[in-house]
Amino acid sequence: EEYLEDYNSVNTITMPLVMFLDACEHCSRMCRVLNQPAGNVLLLGVGGSGRQSLARLSAHMNESECFQIEVAKGYKMTEFKEDVKKCLMKCGVEDKVQMFLFCDTQIVQEDFVEAINNVLNSGDVPNLYANEDFESISTSCRQLCTQLGMQPTKNNLFSAYLVRVKKNVHVVLADRKSVV
């Protein structure tokens, strides 16, 4: 409840949650998984059960940022890739821990799921970065590449970047299960 009070004092949109035992246990589990490198979570529950709210609270408890896309009219794969790139660049270039919260209601195109699958598997989405992005990746990962004992070639710099992305990005998929 202290973390919830802290979250509500810091964020403009407050969450009026009731922290009953099951909610506390779910939060604890999510925190444990999100503390692990490459720790990702699948949340299933009926609509309005608090999946997204508990995920946001868990990210706050782990002192990481919660990144979520905003689907608007005309939101297609191009916009989705730009949003994913923003999140991955924060993880890889800025070395910040990000929780990428993705809900089933945000799947406008099937390709979105394939892109999330690529992030889960390799930390990368094909054809995501422009030449300017590679420059900032090279600059930020040069020291990491040296620490890993690799020559700072273009491929090694990008590999070091992907290591950092995999360590820092945590995908949380929130899906509604249908009640039969």
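Things worth noting here:
- Here the Gaussian network model covers the chain, with springs between Cα atoms less than 10 Å apart; of Gly45, Gly149, Gly92, Gly149 fluctuates the most.
- Alpha-carbon radius of gyration plus Dmax, which is the widest Cα pair, for region 1-52 in Å: 12.1, 30
- Approximate shape of region 88-141 as ellipsoid semi-axes (Cα gyration tensor, √5λ), whole Å, largest first: 23, 13, 9
- Share of carbon and sulfur in the accessible area of the chain stands at 50%, probe radius 1.4 Å.
- Helix 110-122 axis versus longest C-alpha principal axis of the chain: approximately 60°, rounded to the nearest ten.
- Solvent exposure of Ile69, expressed as accessible area, is near 10 Å², computed with a probe of 1.4 Å over the protein chains only.
- Cα-based Kirkwood hydrodynamic radius, region 97-180, one decimal, Å: 14.6 Å
- Here the label points at Gln36 and Lys86, each 7 Å from Cα along the C-beta direction, are separated by 3.0 nm in the simple model.
- Accessible surface, per residue, of region 1-111 when the full set of protein chains is kept, probe 1.4 Å, Å²: 59 Å²
- Binned Cα-Cα distances of region 131-180, short to long, each 10 Å bin given as a whole percent: 24, 39, 15, 10, 9, 3
- Sorting the Cα pairs of region 31-72 by distance into bins of 5 Å, from 0 upward, gives 5, 20, 27, 26, 16, 6, 1 percent per bin.
- Expressed per residue, the C-alpha convex hull volume of the chain stands at 138 Å³.
- For region 27-103, the C-alpha radius of gyration sits at 1.16 times the compact-globule guess of 2.2 N^0.38 Å, with N the residue count.
- With at most 12 neighbouring Cβ atoms within 10 Å, loop trypsin sites (Lys or Arg not before Pro) (DSSP) excluded, longest segment of the chain: 77-176
The values are calculated or read from the model by the stated rules, or taken from the named source; none is laboratory data. What you see is a predicted model, and the numbers here were worked out from it, not measured in a lab. A quick note on method: Cβ atoms are made from the backbone with ideal geometry, for glycine too, and the neighbour counts reach across all protein chains shown. Quick note on the areas: whole protein, heavy atoms, side chains included, nothing else; ligands and nucleic acids left out. Shrake-Rupley method; radii C 1.70, N 1.55, O 1.52, S 1.80 Å.
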